[in-house]
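What follows is a single structure, written as structure tokens, with notes after it.
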Amino acid sequence: MFSSPIMLTALAPWAAALIALFPALIAGFGAGYLVYREVVRRRMGGAKAESERMIEDARLEAKTLRKDALLEAKEEQIRLRNEFEKESRERRSEMQRQESRLNQKEDALNKKEDALDRKIEGLDRRTKEADQRLQEIVRKEAEIEQHSERMMAELEKVAEMTREEARREIVNAMQEEARREAAILIKEIEKEAKEEGERRAKNIVALAIQRCAVDQASEATVSVVELPGEDMKGRIIGRVGRNIKALESATGVDIIIDDTPDVVTLTGFDPVRREIARLTLQKLVADGRIHPGRIEEVADRVRRDMDATIKEAGEGAVFDAGLYGIHPELVKLLGRMKYRTSYGQNVLKHSLEVSYIAGLLAAELGADVKVCKRAGLLHDIGKAVDHEYEGTHVQIGVELVKKYKENDKVVHAIAAHHGDVEAQTIEAVLVQAADAISGARPGARRESLEYYVKRLEKLEEIANSFAGVEQSFAIQAGREIRVIVKPEQVDDATTVLMAKEIARKLEEELEYPGQIKVNVIRELRSVEYAK
């Protein structure tokens, strides 16, 4: 590295100086080294002592720390051990509980398994029994089929026809039976329709007869006047019949003088005229003077008296009903109803009864009592003049009350009391019900009484037709039939069937309003005497 001549030339002075100073440097270095050595030695001694002290302190501190660490470690070990033991106890308890539950479940499962085994065994046994029964049934069915085939072959042999021919024969017989039953049913329906038609026709004819005075019952169209002797008939007839003609002309009725002793019959569709004729003839017979002039005079006087009587009867009916404000003409028409009957029932009394009943019903139901009583009294007002006008008594009555400015509710109730129009108010319904109650009650009308008695007799007759019946009693106006049976022939279970059979027969053979309660009574008495 020092091979370059230039560098050697430059360094030569320096090298000579360094060589001259080298011994001094070596001596200085040696002295310095000795000094440094001494200093180092001293320092080493102090450092050693310090280090030994520090080591001792460290050793003491380490011992202290070790003791603390050991204590903490022991405490931690104790804590961990306690926790471990506690957790171990809890887990052991939980495992014991789970083990107990598992044991219980295992026992339950074992029991269920045993029960299932028993059921399976039972099912297997039943299955085997069912299989055996099924085989037995199949065997018996086969035997029955074979027996049936043999019987069928025997029947075909005996009947000399095949199965198809027999089937056709049975079908034809069933068709013939069905036709016969259908014919019987059609005949019964035709009979019922004929009877119903005849019944309705009779009602219509009876109404027409009552209004037109054609062959009506004697109580409705005929009045009888008793005479003191047979010679009075000649005086009534008069010379060439002039007296009887004058009497018929003055009164407007027909006078029949026949072979009936001491009796003269008056006929006419107008009950007021017939009553005038009856009173006129009675006065003439009592007076003894019978000639056309006297007849006219007496007839006029009786007619005036009859008008006053009719007015008094009408006013009395209005007063008895507790009404006021009725038009005088309607009052007169009410009085005329005193001499009018309907099926043997006096129309004025019937109207008063309807007024009373309708008022009571209205009071109970909170309806208009005055309207009900007014409509009930006037509901048959058309019957007073139905022979003078065309139409039903309902239509005539509606026209009359409208003419004399009656309340619209009253007009509607009169129009609806026979169902000709639909009832729109509760008052109309109540008047309709009151009319039905008054007219249909037992004994109110002659036909109703007869039908009522016949219905009671028919009730007992139907009940007595059953075997084992000892006695039967129709009670509560035919709304209940009590049947007493013989206990030695009819048991308790049969009474139920008998009650149903009697009710069914009543429904088939009897017409009745509402319903009939059938009460079958069986009583067994055991009697013994102590001696």
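Beta carbons closer than 7 Å, at least 6 apart along the sequence or on distinct chains, pair a first residue in segment 497-508 that is touching a residue at least 24 places away in the same chain (Cβ under 8 Å) and among the β-branched types (Val, Ile, Thr) with a second that is surrounded by 12 or more Cβ atoms within 10 Å (Cβ to Cβ) and part of a helix (DSSP H, G or I) for Ile502/Ile462; Ile502/Ala463. Counting only residues that are among the charged types (D, E, K, R) and either in contact with a Gly (Cβ under 7 Å, 6 or more places away or on another chain) or in a strand (DSSP E or B) (or both), which one in segment 471-488 is most open to solvent (accessible area, probe 1.4 Å)? If we take residues in segment 471-488 being among the charged types (D, E, K, R) and either in contact with a Gly (Cβ under 7 Å, 6 or more places away or on another chain) or in a strand (DSSP E or B) (or both), then Arg479 is most open to solvent (accessible area, probe 1.4 Å).
Entry remark, segment 460-495: residues being within 13 Å of Val518 (Cα to Cα), in contact with a Leu (Cβ under 7 Å, 6 or more places away or on another chain) and in contact (Cβ under 8 Å) with a residue 24 or more places away in the chain number 3 in total.
Here Ile310, Ile295 are screened, and the one residue that is closer than 20 Å to His387 by Cβ, over 49 Å from the mean Cα position of the chain (by Cα), touching a residue at least 24 places away in the same chain (Cβ under 8 Å) and buried (at least 21 other Cβ atoms within 10 Å of the Cβ) is Ile310.
The residues on offer are Arg482, Arg522, Arg504, and the sole one that is over 25 Å from the mean Cα position of the chain (by Cα), closer than 16 Å to Ile462 by Cα and of a type in the set (Lys, Arg) is Arg482. The residues of segment 406-430 that are assigned to a helix (DSSP H, G or I) and aliphatic (A, V, I, L, M), listed by number, are Val410, Val411, Ala413, Ile414, Ala415, Ala416, Ile426, Ala428, Val429, Leu430. Scanning segment 365-410 for residues that are of a type in the set (Asp, Glu) and either surrounded by fewer than 24 Cβ atoms within 10 Å (Cβ to Cβ) or out of contact with any Gly (no Cβ under 9 Å at 6 or more places or on another chain) (or both) gives Asp368, Asp386, Glu388, Glu390, Glu399, Glu406, Asp408. Here Phe269 fulfils each of the conditions (1) open to solvent by 10 Å² or more (accessible area, probe 1.4 Å); (2) assigned to a helix (DSSP H, G or I); (3) touching a residue at least 60 places away in the same chain (Cβ under 8 Å) apart from (2). Residues in segment 313-344 that are closer than 20 Å to Thr280 by Cα and open to solvent by 70 Å² or more (accessible area, probe 1.4 Å): Lys338 alone.
When we screen Glu141, Glu156, Glu164, Glu169 for residues that are in a helix (DSSP H, G or I) and modelled with pLDDT of 80 or more, the only hit is Glu141. Checked against (1) modelled with pLDDT under 85; (2) under 24 Å from Thr341 (Cβ atoms); (3) open to solvent by less than 20 Å² (accessible area, probe 1.4 Å), Ala413 meets all criteria but (1). None of Glu56, Glu87, Glu76 is modelled with pLDDT under 85, open to solvent by 70 Å² or more (accessible area, probe 1.4 Å) and out of contact with any strand residue (DSSP E or B) (no Cβ under 6 Å at 6 or more places or on another chain) except Glu56. Within segment 356-374, residues that are in a loop (DSSP other than H, G, I, E, B) have Cβ atoms under 7 Å from residues that are not basic (Lys, Arg) in these pairs: Ala367/Ile426; Ala367/Glu427; Ala367/Leu430; Asp368/Ala362; Asp368/Glu427, counting only partners at least 6 apart in sequence or on another chain. If Val285 satisfies all but one of (1) within 20 Å of Gly252 (Cα to Cα); (2) surrounded by 19 or more Cβ atoms within 10 Å (Cβ to Cβ); (3) touching a residue at least 60 places away in the same chain (Cβ under 8 Å), what's the number of the condition it fails? For Val285, the failing item is (2).
Within segment 501-530, the set of residues being surrounded by fewer than 10 Cβ atoms within 10 Å (Cβ to Cβ) and touching a strand residue (DSSP E or B) at 6+ places or on another chain (Cβ under 8 Å) comprises just one member, Glu523.
The values are calculated or read from the model by the stated rules, or taken from the named source; none is laboratory data. Owing to the predicted nature of the structure, the values given are computational and were not obtained by experimental measurement. When we count neighbours, we look across all protein chains shown, and the Cβ atoms used for this are built from the backbone with ideal geometry, even at glycine. All accessible areas refer to the heavy atoms of the entire protein, side chains included, with ligands and DNA or RNA removed. Shrake-Rupley method; radii C 1.70, N 1.55, O 1.52, S 1.80 Å.
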